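Only one structure is covered here, and it is reproduced in the block below.
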Amino acid sequence: MPKAYLFDWGDTLMVDFPGIPGKMCNWKYVEAVTGAKELLQSLSESAEIYVATGADESSPSEIEAAFSRCGLSQFIKGYFCKSNLGISKGSGQFFSAILSKLDMPPSEATVVGDSFEKDIKPAVAAGMDAVWLTTETCEAPNGVRKIHQLSELCT
């Protein structure tokens, strides 16, 4: 079991409604992905939960505000983004910087995300385990676990 999970934000833990402008914390309506609250509650009993997002415009406090509106923030220990790392998501350096801040080796953290290019490939490049949340029917590459819904993460 990993010591920490690093979750992507949009369409992994919260629904990213297309076409809505502005920061999610200011949206009129926000919604957690089905099963997110139950999953985070369960995982937080034995692991640390973090959000690792490519949201370039939002600060950690704005990200937390969006999660708070869905009742998810109580399970999340911290938020990582370009604003507090100085690195955009999409490279192994993004996840390496998070691991450095957490003083944690890659073997103790698992990344969960919906984008193969921005979440999964960079996590694997940083030496981390990765779980790809996708409805795609293609095979996941060697060493990458693929799930279709969040509830499958604990099975």
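Test Ala123 against the stated conditions and say whether it is under 12 Å from the mean Cα position of the chain (by Cα), within 15 Å of Tyr5 (Cα to Cα) and part of a helix (DSSP H, G or I).
Against the criterion (under 12 Å from the mean Cα position of the chain (by Cα), within 15 Å of Tyr5 (Cα to Cα) and part of a helix (DSSP H, G or I)), Ala123 qualifies.
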**Complete:** Reported set for region 10-32 where residues are in contact with a helix residue (DSSP H, G or I) (Cβ under 7 Å, 6 or more places away or on another chain) and either surrounded by fewer than 21 Cβ atoms within 10 Å (Cβ to Cβ) or in a loop (DSSP other than H, G, I, E, B) (or both) is Leu13, Lys23, Cys25, Val30
**Asked** For region 33-71, what are the residues that are crowded, with 19+ Cβ neighbours inside 10 Å and outside any strand (DSSP E or B)?
**Response** Val33, Ala36, Leu39, Leu40, Leu43, Thr53, Ala55, Ser58, Ile63, Ala66, Phe67
**Message:** So, in region 77-100, how many residues would count as being hydroxyl-bearing (Ser, Thr, Tyr) and part of a loop (DSSP other than H, G, I, E, B)?
**Reply:** 2
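Against the definition (surrounded by fewer than 22 Cβ atoms within 10 Å (Cβ to Cβ), in contact with a helix residue (DSSP H, G or I) (Cβ under 7 Å, 6 or more places away or on another chain) and either outside any loop (DSSP other than H, G, I, E, B) or of a type in the set (Phe, Trp, Tyr) (or both)), how does Gln74 come out, yes or no?
no
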**Request:** Take Ala109 and decide whether it is surrounded by 13 or more Cβ atoms within 10 Å (Cβ to Cβ), of a type in the set (Gly, Ala, Ser) and at pLDDT 95 or above.
**Result:** yes
**All positions within region 80-117 that are over 16 Å from Ala55 (Cα atoms), among the small types (Gly, Ala, Ser) and in contact (Cβ under 8 Å) with a residue 40 or more places away in the chain** = Ala109
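The values are calculated or read from the model by the stated rules, or taken from the named source; none is laboratory data. Please read these numbers as outputs of a predicted model, since none were measured by experiment. All Cβ positions, glycine included, derive from the backbone under ideal geometry; neighbour counts span all protein chains shown.
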